[in-house]
1. Residue by residue through segment 110-136, note down the ones that are within 19 Å of the chain's Cα centre (by Cα) and farther than 23 Å from Gly72 by Cβ.
2. Picking from Glu84, Glu152, Glu125, which residue would you name as being in contact with a helix residue (DSSP H, G or I) (Cβ under 9 Å, 6 or more places away or on another chain) and among the charged types (D, E, K, R)?
3. Within segment 125-166, work out how many residues are in a loop (DSSP other than H, G, I, E, B), out of contact with any strand residue (DSSP E or B) (no Cβ under 8 Å at 6 or more places or on another chain) and within 14 Å of Thr98 (Cα to Cα).
4. Filter segment 67-109 for residues that are polar (S, T, N, Q) and either crowded, with 18+ Cβ neighbours inside 10 Å or more than 15 Å from the chain's Cα centre (by Cα) (or both); which is nearest to Ala156 (Cα to Cα)?
5. Only one residue in Thr5, Thr14, Thr32 is at pLDDT 95 or above, in contact with a strand residue (DSSP E or B) (Cβ under 9 Å, 6 or more places away or on another chain) and hydroxyl-bearing (Ser, Thr, Tyr). Which one?
6. Has segment 7-18 got at least one residue that is more than 24 Å from Thr159 (Cα to Cα) and among the hydrophobic types (A, V, I, L, M, F, W, C)?
Amino acid sequence: MAQDTITRTADTATLRLWKKLAAVPFGSRIFTAAVSLKAPYFRTALPHVVEMGPGRAVVTGPLWWGNTNHIGTFHVIAACNLAELAMGMVAEATVPPTHRWIPVGMTTAYPTKATGGLTVTAELEEVPDFTTITSGTDLPVHIRFVDGAGAEPITAVITIRVSPKK
């Protein structure tokens, strides 16, 4: 993503909180816990937000018995849970307070088994000029999954609809 596109958005309240907490010891864990209180289902994957900014966020999740499938690998729905959290952090860091966002679709493929924990990176190809969004506009958020072995066992795109607040 080009650096000049990042200047198109001002810091949102969520991004300001991230920056404040990420600067102190255990702050990213506190931030993640706060997000998980707001949206409790995310807790099931034991997430950790490790990076957040306009157009990009990174979330990790360990392999533990609560998110494994019957063959002992990372369950794809638990992985999708991490993906949705990463996408939400991108949206919260990018979409200005003049607009709102909501996920409207997710496309996934899982070409191989995930081994170990996952690092999930969500990215916009380009941060749009939000002043030009005057009605519902769909933005794809590309999700990259990397497992403990360095493989990419899952691919996903989550589409968010962005529109001006009424």
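The values are calculated or read from the model by the stated rules, or taken from the named source; none is laboratory data. In this text, all values refer to a predicted model and were calculated from it rather than measured experimentally. Using ideal geometry, Cβ is built from the backbone for each residue, glycine included, and neighbour counts are taken over all protein chains shown.
1. Thr121, Ala122, Glu123, Leu124, Glu125, Glu126, Val127, Pro128 - these are the residues of segment 110-136 that are within 19 Å of the chain's Cα centre (by Cα) and farther than 23 Å from Gly72 by Cβ.
2. Answer to the selection: Glu84.
3. Adding up the residues that qualify gives 2.
4. Asn81
5. Thr32
6. Yes: one or more hits.
Residues checked against (1) at pLDDT 90 or above; (2) within 18 Å of Trp18 (Cα to Cα); (3) not β-branched (Val, Ile, Thr):
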| residue | (1), (2), (3) |
| --- | --- |
| Ser36 | yes, yes, yes |
| Pro54 | yes, yes, yes |
| Leu63 | yes, no, yes |
| Ile77 | yes, no, no |
| Val104 | yes, no, no |
| Val127 | yes, no, no |
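Yes or no, residue by residue, for (1) in contact with a Ser or Thr (Cβ under 6 Å, 6 or more places away or on another chain); (2) among the aliphatic types (A, V, I, L, M):
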| site | (1), (2) |
| --- | --- |
| Arg29 | no, no |
| Ala34 | no, yes |
| Phe42 | yes, no |
| Arg56 | no, no |
| Pro62 | no, no |
| Thr68 | no, no |
